[in-house]
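Undergrad: Below are the structure tokens for one structure; questions will follow.
A short reminder: the numbers here are calculations on the coordinates, not readings from a lab. The model shown is predicted, which means the values in this text are computed figures rather than measured ones. FYI the Cβ positions are ideal-geometry reconstructions off the backbone, even for glycines, and counts take in every protein chain you see.
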Amino acid sequence: MDTLKNFKSTKLELLNFKSISTRTFWITSFAFFLCFFAWFGIVPFMPDVIKDLGLTPDQKWNSIILAVSGTVFARLLIGKLCDKYGPRLCYTWMLMLGAIPVILLGFVETPMQFLVCRFFIGFIGASFVITQVHTSIMFAPNIVGTANATSAGWGNLGGGANRLGMPIIAAVVVSLGLAESVDAWRYSMIIAGSICFLMGIVYFFFTQDTPNGNFKELKKTGEMFQSKKDQIGFLKVLKDYRVWILFFVYAACFGIELTVYGTMDDYLQNTFQLTRGEAGNIVLSFALMNIFARTLGGVCGDKFGKRKGLRGRVLFLTLILIVEGLMLGIFSSITFLPLAIVFLILFSLSVQMAEGATFSVVPFINKKAIGSISGIVGAGGNVGAFLAAMLLKSKSAVAEKAAILANEGATQEIIAAAQASVSSSAVSSGYLVISILIVATAAVSLAIKFSTSDEKEVAVEINSAMKLALDK
């Protein structure tokens, strides 16, 4: 892939559809949007699912954990596959195969079937890795952080848009007389999965792997991987300590965003006595910030990189992680709603900027193994979500079951109120623990180093790219 650097776009021209880089940017961003839309599509319907399938508190938390667990394995695998077969084919198969468990979720009848489907739906979360690989291939070093962050931000937006979009789909289904309101969530998931499948076909026919062709053709003509030295073994990637630091960094930002996003509805309702709709709207605004916040992190990473080199990108990443940890820690201790919303917004801004800043560093670790590195780092996000969800479950689910036992024989309203109270306290303390771990991870990120030759090489590339951009 490194041999194609001179053909990469030096500008992110969002309306220049004649550019293959721009067209690929939008198609991969929309594909990522749809994957996240389907991945978290069931979240707005969870109260209905719990009632319909009779999920216990343990099963509810297990569904959250399983939804992010499957993604770990998929992201580790898909990065290596991107290096070998190219992002075009990988995304095509990801969308088409990933659509199957999304559709099947509409047919589940038991809690176990629901949990299995949520696990396999998590595999489409690996779409993030393909998105980052594809934009890294298409854009030059001076703009790659911004391009990666913007495409990822648009994709993550799907995780918030489903809060609005899925209920609308359900309402349309009911209004057309296709289903009763109790079954509308099933039809909504079937529709979301079908759209993902169709997007796989679009991806195959309207994108290409690199600015000047697909991997298969370029390998045949000798323009890619002409000798073994052009290939980086996966074992060598695994031995690079910087990859594993970024693995934990992404766990501390994207992983925590996933967990907070998945638990914030209940937390706001239990802590501030909000209605389901009010809490949902606040969480929706939190997710919608991805449209600009993640891009802002990438832009800042690029700017620090231009001024202080690769070390500058790392310093900005450390700074924004510290801010993220502080904002979550303060939010966890607030019981006054207006002030809590302020710090929730600040946390949202900083956590998404940290995600963008992470992938302004990733493309420079080893340019000949962008896919493998992106896969490992991306998997770190889901490992972080898994561990954070386990922490919150260990506190909340246990406290809720104890509250149910302590109030056995009482009215349903009293039991529900007791559950809400102990859950709020447990999740609040969990958020505080997580915030401390984020700050600790920020300190570790300072250990990421680059050689003098790497710094010089990237500086030359950036100067050449900026000169080319000015000439255009």
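Undergrad: Over region 179-317, what is the mean sequence separation of C-alpha contacts under 8 Å (at least six apart), divided by residue count, expressed as relative contact order in percent?
TA: Relative contact order of region 179-317: 8 percent.
Undergrad: Multiply the residue separation of Ile168 and Met390 by 0.36 nm, subtract the distance between their alpha-carbon atoms, and state the gained length in nm to one decimal. Mind showing how you got there, number by number?
TA: Numbers: separation 222, 0.36 × 222 = 79.92 nm, distance 3.17 nm.
Between Ile168 and Met390, full extension yields 76.7 nm more.
Undergrad: Please list the radius of gyration and Dmax for region 55-121, considering alpha-carbon atoms only, with Å as the unit.
TA: Calculated on Cα positions, Rg and Dmax stand at 14.0, 43 Å.
Undergrad: What ranking of Asp302, Asp265 emerges when the number of other C-beta atoms within 10 Å of each C-beta is taken as an exposure proxy, fewest first?
TA: Final ranking by Cβ density, sparse to dense: Asp265, Asp302.
Undergrad: Sticking with the crude label model, points 7 Å out along Cα→Cβ, report the distance from Trp93 to Leu176 in nm, one decimal please.
TA: Reported label-point gap for Trp93 and Leu176 is 3.3 nm.
Undergrad: Please rank Tyr261, Tyr250, Tyr187, Tyr241, fewest neighbouring Cβ atoms within 10 Å first, as an exposure proxy.
TA: On the way: Tyr261 21, Tyr250 26, Tyr187 18, Tyr241 10.
Neighbour counts put them in this order, fewest first: Tyr241, Tyr187, Tyr261, Tyr250.
Undergrad: Per the Cauchy relation, a quarter of the hull surface: what is the mean projected area of the convex hull of the alpha carbons in region 92-136, in nm²? Please report the intermediate quantities before stating the final value.
TA: Details: hull surface 12.1 nm².
Quarter of the Cα hull surface area: 3.0 nm².
Undergrad: Please compute the length gained on full extension between Asp454 and Phe206, using 0.36 nm multiplied by the number of residues separating them and subtracting their Cα-Cα distance.
TA: 85.8 nm
Undergrad: Can you put Ser348, Ser181 in order, fewest other beta carbons within 10 Å first?
TA: On the way: Ser348 26, Ser181 11.
So the residues, fewest neighbours to most, are Ser181, Ser348.
Undergrad: Let me ask another. If each of Thr275 and Lys220 carries a label point 7 Å out from its Cα toward its Cβ, how far apart are those two points in nm?
TA: 6.1 nm
Undergrad: At a temperature of 20 °C and a viscosity of 1.002 mPa s, determine how fast region 158-300 diffuses translationally according to Stokes-Einstein, using the Kirkwood radius over alpha-carbon pairs as Rh; express D in µm²/s, rounded to the nearest whole number.
TA: 107 µm²/s
Undergrad: Oh, and also: Size of the dipole of the chain about the Cα centre, Lys and Arg at +1 and Asp and Glu at -1 on the beta carbon, nothing else charged, in debye to 20?
TA: Using Cβ point charges on Lys, Arg, Asp and Glu, the chain gives about 1940 debye.
Undergrad: A further question follows. Rounded to a whole number, what is D in µm²/s for region 342-472 from Stokes-Einstein with the Kirkwood radius over alpha-carbon pairs (4 °C, 1.567 mPa s)?
TA: Using the Kirkwood radius from Cα pairs, D works out to 68 µm²/s.
Undergrad: Right, here's the next one. Can you give me the Cα centroid spacing of region 27-105 and region 302-321 in angstrom?
TA: If you average the Cα positions of each part, the centres end up 32 Å apart.
Undergrad: With each run of n ≥ 4 DSSP H residues scored as -39500 (n - 2.57), what mean residue ellipticity at 222 nm is computed for the chain after dividing by its residue count and rounding to the nearest 500 deg cm²/dmol?
TA: On the way: 18 runs with 362 residues, N = 472.
It lands at -26500 deg cm²/dmol.
Undergrad: Something else now. Checking the table Lys306/Lys367; Lys60/Lys84; Lys219/Lys449 against a 27 Å threshold on Cα-Cα, which pairs fail?
TA: Lys60/Lys84; Lys219/Lys449, as the Cα separations exceed 27 Å there.
Undergrad: A follow-up question, please. Using the alpha-carbon atoms, what tilt in degrees (0 to 90, nearest 10) does helix 111-121 show relative to the longest principal axis of the chain?
TA: 20 degrees
Undergrad: Related question: Can you give the Kirkwood hydrodynamic radius for region 1-89, in Å, rounded to one decimal and based on Cα pairs?
TA: Working: mean 1/r = 0.0602 Å⁻¹.
For region 1-89, the Kirkwood estimate is 16.6 Å.
Undergrad: So how much slack lies between Leu405 and Ser421, counting 0.36 nm per residue of separation and subtracting their Cα-Cα distance, in nm? Please report the intermediate quantities before stating the final value.
TA: Working: separation 16, 0.36 × 16 = 5.76 nm, distance 1.44 nm.
Between Leu405 and Ser421, full extension yields 4.3 nm more.
Undergrad: Please name which of Gln208, Ser285, Thr131 has its Cα lying farthest along the dipole of the chain towards the positive end, using unit charges on Cβ (Lys, Arg +1; Asp, Glu -1) and the Cα centre as origin.
TA: After comparing all options, I get Gln208.
Undergrad: Output needed for the chain: three equivalent-ellipsoid semi-axes, defined as square roots of 5 times the C-alpha gyration tensor eigenvalues, in descending order, whole Å.
TA: Semi-axes from the Cα gyration tensor: 38, 26, 18 Å.
Undergrad: Only Cα pairs under 8 Å and at least 6 apart count here; give the relative contact order of the chain as a rounded whole percent.
TA: 25 percent
Undergrad: List the relative contact order of region 251-319 as a percent without decimals, with contacts defined as Cα pairs under 8 Å and 6+ residues apart.
TA: Dividing the mean separation by the residue count of region 251-319 yields 18 percent.
Undergrad: Calculate the FRET efficiency for Thr110 and Gln412 from the Cβ-Cβ distance with a Förster distance of 35 Å, rounded to the nearest 0.05.
TA: 0.90
Undergrad: With charges set only on the Cβ (+1 for Lys and Arg, -1 for Asp and Glu), what does the dipole of region 5-74 come to about its Cα centre, in debye to the nearest 20?
TA: Using only the charged Cβ atoms, the result is roughly 580 debye.
Undergrad: Using Cα atoms only, what is the angle between the long axis of helix 158-175 and the major principal axis of the chain, expressed in degrees (0 to 90) to the nearest 10?
TA: Approximately 50 degrees, to the nearest 10.
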